[in-house]
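Undergrad: Dropping the structure in here first, questions after.
The values are calculated or read from the model by the stated rules, or taken from the named source; none is laboratory data. Everything numeric in this text was worked out from a predicted model, so none of it was measured. Cβ atoms come from the backbone with ideal geometry, glycine included; neighbour counts cover every protein chain shown. Just the protein is used for accessible areas: all its heavy atoms, side chains included, with ligands, DNA and RNA removed. Shrake-Rupley method; radii C 1.70, N 1.55, O 1.52, S 1.80 Å.
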Amino acid sequence: MCVQGSVSFWGYSMKRDVLFGVSASSNGVASNRKVLGSGTALAALAVAMYFSPLSVNPARADCVNSTGSSPDDVVCTGSDTDGFSTSSGDNTGVNVTMDPGSFLTGGAGTSLDVELTDNNATRTFNFNMLDSTAIISGAGTQIHVSGDYSTFLGVPYDMTTVNGTWNIGGLVASSGGDAIVVDLPNGTGGTGITMNILPTGTVRAADDAIVINHQFTGRLNYTLNNQGTILAGGDGVHVDVSLLSTGAGSVTI
């Protein structure tokens, strides 16, 4: 069964896994070969191809984090072969830019890991990879973005709300895991997260291509505009909606 369009929900309902892919079985578990093709239609294609960071010849440079202004600016201008991670307490958020010809890999680990740490606040993560020659590739999760939270006796509190805009015109490829994972302890708020896969953009994964994980409270608003290619051995897009959602939200493909 092919699906497209939007899913709306109100909190305090059953936890929902919103799976967008080629087909779904009668028990609701999506099949393990998925592709999101150009536009919003879902189309069948072969299982995810593998991509090795050794197959490219990137320039000499790396990713630099400028924290003197707000938001924090991370700019990758060439090759970074040991991954990049930051835990940002900036009161606005983080902007990441992958310049033309830039290459980032964490090898077997996470290539780009950004945590937004101002608890009980709303922070913005923007990602700009506009050129087809920009690459993030490796064996683990390629882009992981998360909001921070604390716990007391196992109960979460002081949770960060994360919103922002993603523009992907290059390649994000995981040969052994998920390509993009976003962990949202307090959802996205009303602004939401918008991901734009540009015509030159490809998100490819051995497991799930895009995972949106709404963990606890708040509301989730997520929009994917796909003009490029999303290819996965698992789900093209996997959205977990929390049982504890505290407002109306939507998932729009």
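Undergrad: Just to verify a number: what accessible area does Ile253 come out at with the full protein assembly present, 1.4 Å probe, Å² rounded to tens?
TA: Rounded to the nearest 10, the figure is 10 Å².
Undergrad: Considering every Cα-Cα pair within the stretch 105-253, what fraction, in whole percent, is farther apart than 20 Å?
TA: Result: 45 percent of Cα pairs exceed 20 Å.
Undergrad: Moving to a separate point now. When only the heavy atoms of the protein chains count and the probe is 1.4 Å, how do Phe84, Phe103 rank by accessible area, highest first?
TA: Descending order: Phe84, Phe103.
Undergrad: So how do Tyr157, Tyr149 rank on accessible area, 1.4 Å probe, biggest first, that is with the largest at the start?
TA: Tyr157, Tyr149
Undergrad: What is the spread of the Cα atoms of the stretch 98-159 along each of their three principal axes, largest first, in whole Å?
TA: On the principal axes, the stretch 98-159 reaches 46, 25, 10 Å in Cα extent.
Undergrad: Moving on. Can you compute the charge dipole magnitude of the stretch 58-132 about its Cα centre, using +1 on each Lys and Arg Cβ and -1 on each Asp and Glu Cβ, nothing else charged? Give it in debye, rounded to the nearest 20.
TA: Dipole magnitude for the stretch 58-132 comes out near 60 debye.
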